[in-house]
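The values are calculated or read from the model by the stated rules, or taken from the named source; none is laboratory data. This one's a predicted model, so the numbers in the text were calculated from it and none came from an experiment. A quick note on method: Cβ atoms are made from the backbone with ideal geometry, for glycine too, and the neighbour counts reach across all protein chains shown. Side chains are part of the model used for accessible areas, which takes the heavy atoms of the whole protein and leaves out ligands, DNA and RNA. Shrake-Rupley method; radii C 1.70, N 1.55, O 1.52, S 1.80 Å.
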Amino acid sequence: KNITVNKPEARRVIKLLKTYRDRNNLPLPTLMVEQCVVAALSDNNFGIHPSDTENLLNSMDFIAKKLEHKSLIDIANSNNNLHDKLTGMQKDYIANQLNSDIRRIEENPRYIKEVFEC
């Protein structure tokens, strides 16, 4: 639960991704969102960008790529494979949705407003 302590950028992106997940009815577990965002924004991967939009897109890309792997181990419990919570079809659907929206946002930055419009 403390993975976002002293990481305000990660908390903002997690909040955005949860809103995105809920608006698109994606069966993406919260724990997977939190763990992937922190990993995506780490220095070993994309790092932290000054733009929340760029951090969001990097995190979406990271999650989509992680869904293609066979396992994603919970950092708090090494016996917990987060992929076990999703079927193969769900993983493919989520990855396709994320990749599609990343492309649409990159092609037309105004599309991000449509993604989060209430």
Open item on the list: Can you say whether GLN90 is in contact (Cβ under 8 Å) with a residue 24 or more places away in the chain, open to solvent by 50 Å² or more (accessible area, probe 1.4 Å), out of contact with any helix residue (DSSP H, G or I) (no Cβ under 8 Å at 6 or more places or on another chain) and not in a loop (DSSP other than H, G, I, E, B), as far as the supplied structure shows?
Closed with: yes
- [ ] Name every residue in region 26-56 that is open to solvent by 40 Å² or more (accessible area, probe 1.4 Å) and either in contact (Cβ under 8 Å) with a residue 40 or more places away in the chain or under 13 Å from ILE14 (Cβ atoms) (or both), in order of residue number.
- [x] PRO27, THR30, LEU31, ASP52, THR53
Open item on the list: Residue pairs, Cβ under 9 Å, 6 or more apart or interchain, first in region 1-25 and open to solvent by 80 Å² or more (accessible area, probe 1.4 Å), second hydroxyl-bearing (Ser, Thr, Tyr) and modelled with pLDDT under 95. List them.
Closed with: ARG11/THR4
Open item on the list: All but one of (1) of a type in the set (Ser, Thr, Tyr); (2) exposed (fewer than 13 other Cβ atoms within 10 Å of the Cβ); (3) at pLDDT 95 or above hold for SER59; state the number of the condition that does not hold.
Closed with: (2)
- [ ] Go through region 68-87 and count every residue that is in contact (Cβ under 8 Å) with a residue 24 or more places away in the chain and within 12 Å of LEU28 (Cα to Cα).
- [x] 3
Task: helices (runs of 4 or more DSSP H) wholly inside region 1-82 that include at least 1 residues being among the polar types (S, T, N, Q), out of contact with any Gly (no Cβ under 7 Å at 6 or more places or on another chain) and within 14 Å of ASP101 (Cβ to Cβ) - done: 8-23, 52-67
